[in-house]
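K.L.:
I have a structure here, written as structure tokens, and I will follow up with some questions on it.
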Amino acid sequence: MSDHDESPRDTDGDIDDTPTVTCSRCGRTWDLAYELDELQVGNQALEQFALDHRRHTGHFPDGVTPWVTECRACPAGDRFLSERPARRWAETHARHTSHTVALRPPFDEREERVEPAGE
Ligand SMILES: [Zn+2]
Ligand SMILES: [Zn+2]
């Protein structure tokens, strides 16, 4: 039932389904073809890009809201794209330093306090 079959793979200049990322701090837009084609990271392309961008520039691109960990007792803190590494950071920091760490999910005001275990 497809009388509208226009072989999807032979027009190379016409890729409008490649996701793009914008960074207003850099004033640039990238498409994620490199992440998709070279790194083969599939639907984690945006995440991979965001992590790489931060590694090299110190900030996340637009549209990426990280999990934030913030120590209440010292200047330590970091940002993560998912809960698991953020929580792990908070728990290990609390464990090693006996500091209380605030763990803040994206799009959420309420923050969780990760307390050092056993006192
Ligand atoms: Zn940037
Ligand atoms: Zn600390």
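K.L.:
Mind checking which residues of segment 25-41 are part of a helix (DSSP H, G or I) and touching a helix residue (DSSP H, G or I) at 6+ places or on another chain (Cβ under 7 Å)?
P.N.:
The answer is E35, L36.
K.L.:
Right, something else. Report, by residue number, each residue of segment 73-109 that is closer than 25 Å to Q44 by Cα and small (G, A, S).
P.N.:
The answer is G77, S82, A86, A90.
To keep it simple, each residue is scored yes or no on (1) surrounded by 13 or more Cβ atoms within 10 Å (Cβ to Cβ); (2) more than 16 Å from ligand 2 (Cβ to nearest atom).
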position: L32; (1), (2): yes, yes
position: E35; (1), (2): yes, yes
position: N43; (1), (2): no, yes
position: E47; (1), (2): yes, yes
position: V64; (1), (2): yes, yes
position: P85; (1), (2): yes, yes
position: E91; (1), (2): yes, no
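Only the coordinates and a few stated rules stand behind these numbers; no lab work does. All values reported here derive from a predicted model rather than from experimental measurement. As a convention, Cβ positions derive from the backbone with ideal geometry for all residues, glycine included, and neighbour counts pool all protein chains shown.
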